[in-house]
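Report on one structure; see the data block that follows.
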Amino acid sequence: MSDKDAALIVIDAQESFRQAPYWDPAELPAYLEKQQALIDGARVAGLPIVQIFHVDQDDAFRLASGFVRTLGELSIAPDVTFHKGVHSALIDTGLESWLRDNNITKVIISGIRTEQCCETTTRHASDLGFDVDYVTEATLTFPMTHADGTRFSAADIKKRTELVLSKRFARIATVAEALDQAA
């Protein structure tokens with residue numbers, strides 16, 4: 001089966017996050033490897049690549065900061081770029097119109113942060129009628145502490161995200177699985 005009507009969406013893979021107090025590079029090498037493999041595979045498969053940048057009033061996320069740019073270790077030549085100011089890449093960005101104008105019916109979600117912008121965009125895309133492949137291994141997040149003091153690792157957060165998205169909002173896919181359907 002071929003999904004030439006699919007597009008790769010790379011969400012917030014930007015230098016802004018290195019400035020955040022919660023930045024933790026522990027998962028970065030694995031993320032970069034999988035994200036780059038997904039980008040390269042999408043390009044080889046002829047899929048459009050959409051890059052999303054988060055822009056808001058926080059210092060590191062302001063356009064003028066110079067940090068709203070691709071993570072230095074990634075090589076990406078997007079077909080189109082959008083800026084968003086909220087968690088979903090589909091609100092007030094023009095992304096939905098672009099997808100529909102290009103006859104895209106399936107999106108492949110990757111980027112930063114697993115449980116925030118990637119998960120929110122996934123839910124929103126599903127609600128709008130798009131098929132979604134959520135490529136957890138090509139997402140990055142950081143440990144978080146619950147109000148009760150419980151510490152959740154990045155792996156815990158990824159597992160929870162897969163739990164709530166799987167078979168309801170998205171197909172959870174590896175890089176290879178997402179690209180296999182696009183070949």
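Cβ-Cβ contacts under 9 Å between residues 6 or more apart (or on different chains), taken from a first residue in the stretch 93-109 that is under 17 Å from D12 (Cβ atoms) to a second residue that is of a type in the set (D, E, K, R), are listed as T93/K84; L95/K84; V107/D131; V107/D133; I108/D3; I108/D133; I109/E119; I109/D133. Residues of the stretch 1-42 that are surrounded by 14 or more Cβ atoms within 10 Å (Cβ to Cβ) and aromatic (F, W, Y): F17, Y31. Among the residues of this structure, L47 counts as one that is touching a residue at least 60 places away in the same chain (Cβ under 8 Å) and not in a helix (DSSP H, G or I). Of the candidates A37, A77, A13, A7, the single residue that is over 29 Å from M144 (Cβ atoms), under 15 Å from the mean Cα position of the chain (by Cα) and of a type outside the set (D, E) is A7. Scanning the stretch 91-136 for residues that are closer than 23 Å to A176 by Cβ, polar (S, T, N, Q) and under 12 Å from the mean Cα position of the chain (by Cα) yields a total of 5. Residues of the stretch 13-22 that are within 21 Å of Q51 (Cα to Cα) and not in a helix (DSSP H, G or I): A13, Q14, A20.
Just to check your reading of the model, which residue among A60, A64, A77 is touching a helix residue (DSSP H, G or I) at 6+ places or on another chain (Cβ under 8 Å), small (G, A, S) and assigned to a helix (DSSP H, G or I)?
Details: A64 fails: touching a helix residue (DSSP H, G or I) at 6+ places or on another chain (Cβ under 8 Å); A77 fails: assigned to a helix (DSSP H, G or I).
Result: A60 is the single residue among A60, A64, A77 that is touching a helix residue (DSSP H, G or I) at 6+ places or on another chain (Cβ under 8 Å), small (G, A, S) and assigned to a helix (DSSP H, G or I).
Among residues of the stretch 86-111 being farther than 25 Å from A37 by Cβ and polar (S, T, N, Q), the one that is surrounded by the fewest Cβ atoms within 10 Å (Cβ to Cβ) is N103.
For L90, are the conditions met, namely being over 21 Å from A170 (Cα atoms) and among the hydrophobic types (A, V, I, L, M, F, W, C)?
no
Conditions (1) in contact (Cβ under 8 Å) with a residue 24 or more places away in the chain; (2) over 20 Å from L28 (Cα atoms), marked per residue:
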| position | (1), (2) |
| --- | --- |
| L140 | yes, no |
| G149 | no, yes |
| F152 | no, no |
| D156 | no, no |
| T161 | yes, no |
| K167 | no, yes |
| T174 | yes, no |
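No lab work stands behind these numbers, since they all come straight from the coordinates. Please read all numbers here as calculations on a predicted model, not as lab measurements. With ideal geometry, Cβ positions are generated from the backbone for all residues, glycine too; neighbour counts draw on all protein chains shown.
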